[in-house]
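Report on one structure; see the data block that follows.
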Amino acid sequence: MEKQSTDTLMMIRPINFRLNEQTAVNNYYQRVIDGIKPEEVQYKAVQEFDRFVEKLRAKKIRVIVIDDTEDTDTPDSIFPNNWISFHGDGRVGLYPMFAENRRVERRKDILRKLQQNYGLKISEIEDFTPYEAEDKFLEGTGSMILDRPNKIVYAAISVRTNEKVLEDFCRKFNYRAVKFVANQTVEGKRLPIYHTNVMMCVADNFAILCAESIDDEKERKAVIESLEVTGKEVIEISEHQKHHFAGNMLQVKSIDGKPYLVMSGAALQSLKDFQIKSIEKYCEIISSSLDTIEALGGGSARCMMAEVFLPKSI
């Protein structure tokens, strides 16, 4: 059986972090910060990144840090979980991206480094990127919340999470999809949330869920039932808390097996005491301030961490 959580993460240290105009068209979490120079944005993002990595390593979580490259203009490279996933059988998934300037984040040299410098084994690459030619997208574990032991993928259908590509993923990786539409209110209209991982998180024994973002009652019930049938305590968050990235969390483990739930400082501050107590029944919380990254990037802690389940080379 696959493990739900890993003790190894890959993270990309940014070089040209800024607000990406190509993603802002349907990422309603991005916002402009007035009166701040580009070099200051980059400086603050790197400070937040480095502090975050330090906190993870202090808890004995392995973090493989890869530097972004100046060869390409990749303002969102800090969010690698959208273009790649790593699996326990040695397979790697490469995913079709909505924004053209995010497609160049996919770097073959990173795969070489993981094998040569870190002794990890890659047996096969499942490449879904040809779907970009059809304007069909599936942005990795941003689009898909994987319940790895139960082989279930939770997916909020949107422009960035296409059903056809999702079905292809399920065929190749032997998953079953629980599909739904998750919405948020934007200027008085209910519009699809761009990534599933801003409204839910699945851990070993619990799940964080913004149930009220699933407007269709049947779909909402189906998601909750699926989580409960697989033994998860459902900890609900509000749309207000979701807006502060309280759904953008990830359970990880230390090298000695201790579980942690990782989130941003803003996410933690938005939680109520009873929600924190519910989480802490199962694992300790790690939080770090990501204010600049969240505001301009429209993503948070979970988006910054690509889980590495690859086996070691023999």
Within the stretch 190-207, residues in contact (Cβ under 8 Å) with a residue 60 or more places away in the chain, buried (at least 18 other Cβ atoms within 10 Å of the Cβ) and among the hydrophobic types (A, V, I, L, M, F, W, C) come out as V198, C201, V202, A203, F206
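Go through the stretch 191-234 and count every residue that is β-branched (V, I, T) and under 18 Å from the mean Cα position of the chain (by Cα).
Total meeting the criteria: 5.
Having 3 or more residues that are within 20 Å of M305 (Cβ to Cβ) and under 19 Å from the mean Cα position of the chain (by Cα) is the bar; report the strands (runs of 3 or more DSSP E) wholly within the stretch 85-190 that clear it.
Those strands (runs of 3 or more DSSP E) span 91-94, 144-147, 152-156.
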All conditions in (1) in contact with a Phe, Trp or Tyr (Cβ under 6 Å, 6 or more places away or on another chain); (2) touching a residue at least 24 places away in the same chain (Cβ under 8 Å) are true of Q115 except (1)
Here the qualifying pairs (Cβ atoms under 7 Å; residues six or more apart or on different chains; first in the stretch 262-273 and closer than 20 Å to S5 by Cα and without any contact (Cβ under 8 Å) to a residue 60 or more places away in the chain; second buried (at least 21 other Cβ atoms within 10 Å of the Cβ) and charged (D, E, K, R)) come out as S264/E294
The number of residues in the stretch 271-314 that are in a helix (DSSP H, G or I), in contact with a strand residue (DSSP E or B) (Cβ under 8 Å, 6 or more places away or on another chain) and modelled with pLDDT of 95 or more is 6
Worksheet item: Among the residues of the stretch 153-163, is any within 14 Å of L227 (Cβ to Cβ) and without any contact (Cβ under 8 Å) to a residue 40 or more places away in the chain?
Response: yes
Only one of T74, T69 is out of contact with any Cys (no Cβ under 7 Å at 6 or more places or on another chain), modelled with pLDDT under 90 and more than 19 Å from S289 (Cα to Cα), namely T74
Among the residues of the stretch 228-270, the number that are hydroxyl-bearing (S, T, Y) and in a loop (DSSP other than H, G, I, E, B) is 3
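The values are calculated or read from the model by the stated rules, or taken from the named source; none is laboratory data. Please read all numbers here as calculations on a predicted model, not as lab measurements. Please note: Cβ atoms are built from the backbone with ideal geometry, for glycine as well, and neighbour counts cover all protein chains shown.
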